[in-house]
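A.B. asks: Let me give you the structure first, and then I'll get to my questions.
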Amino acid sequence: MSSDALSLFSYEILGLVGRGGAGPHDLLRMARRGRMLDWAGESQYYVEPKRLARLGYLEARKEPGKTRERTVYTLSEKGLQALRDWARTPAQVTPVKSEVLLRLLICDLVGEAPTRASIAALREDIADLQTRLDETEAGAENLPHRRKYLLMTVGFLRSLLALHLDLVDEVERELAAGDADGGGETS
């Protein structure tokens, strides 16, 4: 991808900046709050807005902060047009980055018992994510211009969590008789 091309993350940043504007710390906080859509490294929430401003998709201004001046980005007309153009393209299924699926793919190398135990631990993580979705759903009332879209997103993410719970159940069932020593199979 060229240094001027927009990536899926670029569009995420443009969307998070939205109508009201946001600083890099705000962008990172928004992504981390929900956690399920936080898939970029922390530094990228600081680097990408600068790049998008350099390319004219965002406008930057300085505002007083708690301890020092901070940069706040707003969507430029070029950025809004980029979002409009991108929204007209066909959506695609994004490649899946999934720790749980990777653990299943290496199960023959590491053993069923540790795989079963590590995947069963997802229940606690899923409970935390469900709480965060509850908070997002409640907070949607404060964003009437985005409420409908946030609630559809929350609904999808709840279904995704339910799918993960189904997988945890299947792993516990299918690997119940797994090897006890934690090692992989040898041949």
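The values are calculated or read from the model by the stated rules, or taken from the named source; none is laboratory data. Note that the structure is a prediction, hence the values are computed from the model and not measured. Virtual Cβ from ideal backbone geometry, glycine too; neighbours counted across all protein chains shown. Just the protein is used for accessible areas: all its heavy atoms, side chains included, with ligands, DNA and RNA removed. Shrake-Rupley method; radii C 1.70, N 1.55, O 1.52, S 1.80 Å.
A.B. asks: Quick check: anything in the stretch 175-187 out of contact with any His (no Cβ under 6 Å at 6 or more places or on another chain), at pLDDT 90 or above and either closer than 27 Å to R32 by Cα or of a type in the set (K, R) (or both)?
C.D. replies: There is no residue in the stretch 175-187 that is out of contact with any His (no Cβ under 6 Å at 6 or more places or on another chain), at pLDDT 90 or above and either closer than 27 Å to R32 by Cα or of a type in the set (K, R) (or both).
A.B. asks: For the stretch 90-105, which residues satisfy the criterion of being of a type outside the set (A, V, I, L, M, F, W, C) and open to solvent by 60 Å² or more (accessible area, probe 1.4 Å)? First the steps, then the outcome.
C.D. replies: From the stretch 90-105, those of a type outside the set (A, V, I, L, M, F, W, C) are 90, 92, 94-95, 97-99, 103; that's our starting set.
Once the filter is applied, which keeps residues that are of a type outside the set (A, V, I, L, M, F, W, C) and open to solvent by 60 Å² or more (accessible area, probe 1.4 Å), the stretch 90-105 yields P90, Q92, T94, P95, K97, E99, R103.
A.B. asks: Looking at the stretch 107-135, which of its residues are in contact (Cβ under 8 Å) with a residue 60 or more places away in the chain and more than 19 Å from M30 (Cα to Cα)?
C.D. replies: Across the stretch 107-135, the qualifying residues are C107, D108, L109, V110, G111, E112, A113, P114, T115, R116.
A.B. asks: Quick check on this structure: which one of A87, A31 is under 21 Å from R146 (Cα atoms), open to solvent by less than 40 Å² (accessible area, probe 1.4 Å), under 22 Å from the mean Cα position of the chain (by Cα) and free of Cβ contacts under 8 Å to residues at least 24 places away in the same chain?
C.D. replies: Result: A31 is the single residue among A87, A31 that is under 21 Å from R146 (Cα atoms), open to solvent by less than 40 Å² (accessible area, probe 1.4 Å), under 22 Å from the mean Cα position of the chain (by Cα) and free of Cβ contacts under 8 Å to residues at least 24 places away in the same chain.
A.B. asks: Just to be sure I understand the filter: pairs with C-beta atoms under 8 Å, separated by 6 or more residues or on different chains, first member in the stretch 65-77 and free of Cβ contacts under 8 Å to residues at least 24 places away in the same chain, second member surrounded by 12 or more Cβ atoms within 10 Å (Cβ to Cβ) and not in a loop (DSSP other than H, G, I, E, B). Which pairs pass?
C.D. replies: Sorted first by the residue in the stretch 65-77, then by its partner, the pairs are S76/L58; S76/E59.
A.B. asks: Can you name the residue in the stretch 65-77 that is more than 25 Å from the chain's Cα centre (by Cα) and open to solvent by 40 Å² or more (accessible area, probe 1.4 Å) and, of all such residues, is nearest to G20 (Cα to Cα)?
C.D. replies: Out of the qualifying residues, it is E77.
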